[in-house]
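My questions will all concern the structure given below.
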Amino acid sequence: MRYLAILDGNEHEIEIEELAADSFSITFGKNSFQADLRKVGPVSFSVIVDNRSFDFDVARDGEETVVASRSGSTRLTVADA
């Protein structure tokens, strides 16, 4: 799946490939990584990348997607490429 994300006014291409249940290969610009992603609540997710765990909430606000974590929140727009 290919997406175009607009973050802080900049466009970024994102490619996501499902490798297995809950396991994904993600390419964000020139960076690629594998992630274990699990839904742990109605809007809450847990992701593990390189043995580091991250928890975040995802919610829609009009045309934007809001991603919130302990370090703050980010608004972005995502569209199919």
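The values are calculated or read from the model by the stated rules, or taken from the named source; none is laboratory data. As the structure is a prediction and not an experimental result, all values here were calculated from the model. Don't worry about glycine lacking a Cβ; one is built from the backbone with ideal geometry, like all the others, and counts go over all protein chains shown.
Scan (1) surrounded by 13 or more Cβ atoms within 10 Å (Cβ to Cβ); (2) over 13 Å from the mean Cα position of the chain (by Cα) for the single condition L4 breaks and write down its number.
(2)
Does any residue in the stretch 27-55 that is within 16 Å of V66 (Cβ to Cβ) come within less than 8 Å, Cβ to Cβ, of a residue that is at pLDDT below 95 and in a loop (DSSP other than H, G, I, E, B) six or more places away or on a different chain, and which pairs are these?
D55/R70
Here is a further query. Which number in (1) assigned to a strand (DSSP E or B); (2) of a type outside the set (K, R); (3) loosely packed, with under 10 Cβ neighbours inside 10 Å marks the one condition that V66 misses?
Of everything listed in (1) assigned to a strand (DSSP E or B); (2) of a type outside the set (K, R); (3) loosely packed, with under 10 Cβ neighbours inside 10 Å, V66 misses just condition (3).
State all residues of the stretch 19-31 that are modelled with pLDDT of 95 or more and among the polar types (S, T, N, Q); if no residue qualifies, say none.
S23, S25, T27
Could you please let me know if D50 is on the phi > 0 side of the Ramachandran plot and touching a strand residue (DSSP E or B) at 6+ places or on another chain (Cβ under 9 Å)? Step through it out loud before you land on a result.
Numbers: on the phi > 0 side of the Ramachandran plot: yes; touching a strand residue (DSSP E or B) at 6+ places or on another chain (Cβ under 9 Å): yes.
Yes, satisfied.
I'm trying to understand the selection: among the residues of the stretch 1-50, which are part of a loop (DSSP other than H, G, I, E, B) and of a type in the set (K, R)?
Within the stretch 1-50, the first condition is being part of a loop (DSSP other than H, G, I, E, B), and the residues that meet it are 1, 8-9, 21-22, 29-30, 40-43, 50.
Hit for the stretch 1-50 is K30, nothing else.
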